[in-house]
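Quick notes on the structure that follows.
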Amino acid sequence: MDYNHLAELLFPHIRQTPEEVEARYPKRALPEGAKVTRMGPSPTGFMHLGNLFGALVDERLAHQSGGVFYLRIEDTDKKREVEGGVETILKAFASFGLHFDEGATLQGDSGAYGPYRQSRRAEIYQAFVKSLVQRGMAYPCFCTEEELAQAHAQQEAAKENFGYYGKYAVWRDRPMEDIEAELQKGTPYVIRFRSEGSIENKVRHEDLVKGKMEVTENDQDVVILKSDGIPTYHFAHVVDDHLMGTTVVVRGEEWLATLPVHLQLFRAMGWKAPKYAHTAQLMKIDPETGGKRKLSKRKDPELALDFYYREGYPVPAVLEYLMTLLNSNFEEWRRANPDAPMDDFPFSTKKMSGSGALFDIEKLRDVSKNVISRMPAGTAYDYIAQWSADNDPDFHKLFTRDPAFSKAYLAIGRGGKKPRKDLALWSDAKPYMDFMFDELFQPDYTLPQNVSADDAKAILADFAGVFDENDTPEGFFDKMKAIAAAHGFAADTKAFKQDPGQYKGAVGDVSMVVRIAVAGRQNAPDLQTVMGILGRARVLERLRRAEAAL
Ligand code: GLU
């Protein structure tokens, strides 16, 4: 067989040689040990938690080692691609603060190892495929879907392995006349790689996550170029990660099954394979069955990345929670370093679990409460302002009307050893502070059972007479005690507990009456501080309003 002739027949338009292509992708000049990682999402319009999970590993490995983290758009499957898919990808990563050093951007490519969209690399792949054909290592296959389905049925009946191998590899050794005849007719064809592997052989692989393993050699003549001249994932992965200098491929464990194909292709091309980190699937406990299962696009809204933004999960909390799933020692590190930036954590693939990571949204909420409670009020303010601008414009107007006012409220109980943990989501901000805005103030004047309306009115009238917005919380409490004593309530809770029959209630009931009047509800952060922020006129007005309503 004249392979050169065949290669010219198939790729007359390809003039560049593999060497010429290689020369355009020089080895990266990076310090010893620097890792080059990449994200290779497909523009399907759906970005999921798994994408972010993997991206975090990529980002940490690269940036922790002084390497490069880049974005490559894997748009070889036109059927799955949607309009605006690339934009969705870029927005999703940007919204989580993941920064690519190079790769596809909306304005085009940034970096010297592009193009970073696989659809724009057709001639590069074809140059390598042409060279494989010239060396008798790849060949065209003209099988139709029906023929392949027939072979599949035959294999099923005979209980044989499925696929294109052995006697089923019907175009593997076909004479040139047959190939020329099909080409003449214009029959569509794919290019297959000629496998020299056997399922009798094992290949050793050391995965950064899964550890040492043996995989069965590939004996299938896999498709490397589809009939439209675009490569399959297998071939594009091998060519791109070689040319772009990727040193670690982080991807989902669903790719382990075809790893033998990839290792075989790297060997056939004479290239060093990158290291692989196959990450475990994200699992959850099914609320109905109580069993563990994979997160599902159909059943679990939390699989979609835009869910987190919409619902108001703070970005640092999501990242931090994913890090607890990725590295078993992260939580311990966080306890020892409560205020350190997450990037100070020494991330390691060695601490990654090879089995499924259990995603628990309740745990994420807990992490989120901690993360928010550690933020300075100004940071929380900025996040809430941004989130509400997109998701709750009415609240946004009120919240940002007087930034100092909102920040002062958010500052209550922040800092210190035991900060308040009222907010898990940015959407919690509104119910947490709506009463601070007259427009949203809808008081519920339900009194504690042991306080009569008349007593409450008297308490409010007394308090209006002594209220001073400049009091300290202790000063306020002293006033509460005095009012309690004047109206038959115990000024001292202990005294009340010792002899409850003596009193109508205790000082706590008295301050509750004031809280209900000022905040319109039984729960609110430190009342004296709240009143200081609301200001004298508003507090007096609210006291009057409650008195009238009771
Ligand atoms: N395009 C592949 C995917 O969408 C990327 C896998 C990889 O990172 O190699 O899953």
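Could you tell me whether any residue of the stretch 244-253 is within 16 Å of the ligand (Cβ to nearest atom) and assigned to a helix (DSSP H, G or I)? The answer is yes; a qualifying residue exists. The set of residues in the stretch 256-275 being surrounded by fewer than 21 Cβ atoms within 10 Å (Cβ to Cβ) and either away from the ligand (no atom under 12 Å from the Cβ) or farther than 21 Å from Tyr125 by Cα (or both) consists of Leu256, Ala257, Leu263, Phe266, Arg267, Ala268, Met269, Gly270, Trp271, Lys272, Ala273, Lys275. Scanning the stretch 534-546 for residues that are surrounded by fewer than 18 Cβ atoms within 10 Å (Cβ to Cβ) and either closer than 28 Å to Lys421 by Cα or free of Cβ contacts under 8 Å to residues at least 60 places away in the same chain (or both) yields Gly535, Arg536, Ala537, Arg538, Glu541.
Restricting the stretch 516-543 to residues that are in contact with a helix residue (DSSP H, G or I) (Cβ under 8 Å, 6 or more places away or on another chain) and of a type in the set (Lys, Arg) leaves a set whose member that is farthest from Ala411 (Cα to Cα) is Arg542. The single condition among (1) more than 13 Å from the ligand (Cβ to nearest atom); (2) over 25 Å from Ala122 (Cα atoms) that Gly50 does not meet is (1). Going by what's in this entry, would Gly505 be described as within 18 Å of Ala408 (Cβ to Cβ) and either surrounded by 17 or more Cβ atoms within 10 Å (Cβ to Cβ) or in contact with a Leu (Cβ under 7 Å, 6 or more places away or on another chain) (or both)? No, not satisfied.
Of the residues in the stretch 233-243, how many are surrounded by fewer than 21 Cβ atoms within 10 Å (Cβ to Cβ) and either within 12 Å of the ligand (Cβ to nearest atom) or in a loop (DSSP other than H, G, I, E, B) (or both)?
From the stretch 233-243, those surrounded by fewer than 21 Cβ atoms within 10 Å (Cβ to Cβ) are 233-234, 242-243; that's our starting set.
This time we only want the ones that are either within 12 Å of the ligand (Cβ to nearest atom) or in a loop (DSSP other than H, G, I, E, B) (or both), so: 233-234.
Selection size over the stretch 233-243: 2.
Looking at the stretch 348-358, is at least one residue modelled with pLDDT of 95 or more, within 19 Å of Phe96 (Cβ to Cβ) and either surrounded by 14 or more Cβ atoms within 10 Å (Cβ to Cβ) or not charged (D, E, K, R) (or both)? No, the stretch 348-358 contains no residue that is modelled with pLDDT of 95 or more, within 19 Å of Phe96 (Cβ to Cβ) and either surrounded by 14 or more Cβ atoms within 10 Å (Cβ to Cβ) or not charged (D, E, K, R) (or both). Does any residue of the stretch 428-446 turn out to be modelled with pLDDT under 95, surrounded by fewer than 20 Cβ atoms within 10 Å (Cβ to Cβ) and either in a helix (DSSP H, G or I) or within 53 Å of the chain's Cα centre (by Cα) (or both)? Within the stretch 428-446 (the criterion being modelled with pLDDT under 95, surrounded by fewer than 20 Cβ atoms within 10 Å (Cβ to Cβ) and either in a helix (DSSP H, G or I) or within 53 Å of the chain's Cα centre (by Cα) (or both)), the answer is no, since none of the residues qualifies.
Under the condition of being buried (at least 16 other Cβ atoms within 10 Å of the Cβ) and not in a loop (DSSP other than H, G, I, E, B), the residues counted in the stretch 96-118 number 6. Residues satisfying the criterion are present in the stretch 81-89 (criterion: within 30 Å of Ser353 (Cβ to Cβ), of a type in the set (Ser, Thr, Tyr), within 15 Å of the ligand (Cβ to nearest atom) and modelled with pLDDT under 95). Within the stretch 115-132, residues that are closer than 10 Å to Thr17 by Cα have Cβ atoms under 9 Å from residues that are of a type in the set (Ser, Thr, Tyr) and surrounded by fewer than 19 Cβ atoms within 10 Å (Cβ to Cβ) in these pairs: Ala127/Thr17; Lys130/Thr17; Ser131/Thr17, counting only partners at least 6 apart in sequence or on another chain.
Residue-wise test of (1) hydrophobic (A, V, I, L, M, F, W, C); (2) within 13 Å of the ligand (Cβ to nearest atom); (3) outside any helix (DSSP H, G or I).
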residue	(1), (2), (3)
Leu9	yes, no, no
Ala34	yes, no, yes
His63	no, no, no
Lys79	no, no, yes
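The values are calculated or read from the model by the stated rules, or taken from the named source; none is laboratory data. Because the structure is predicted, anything quoted here is derived from the model rather than measured. Positions of Cβ are backbone-derived with ideal geometry, glycine not excepted, and every protein chain shown enters the neighbour counts.
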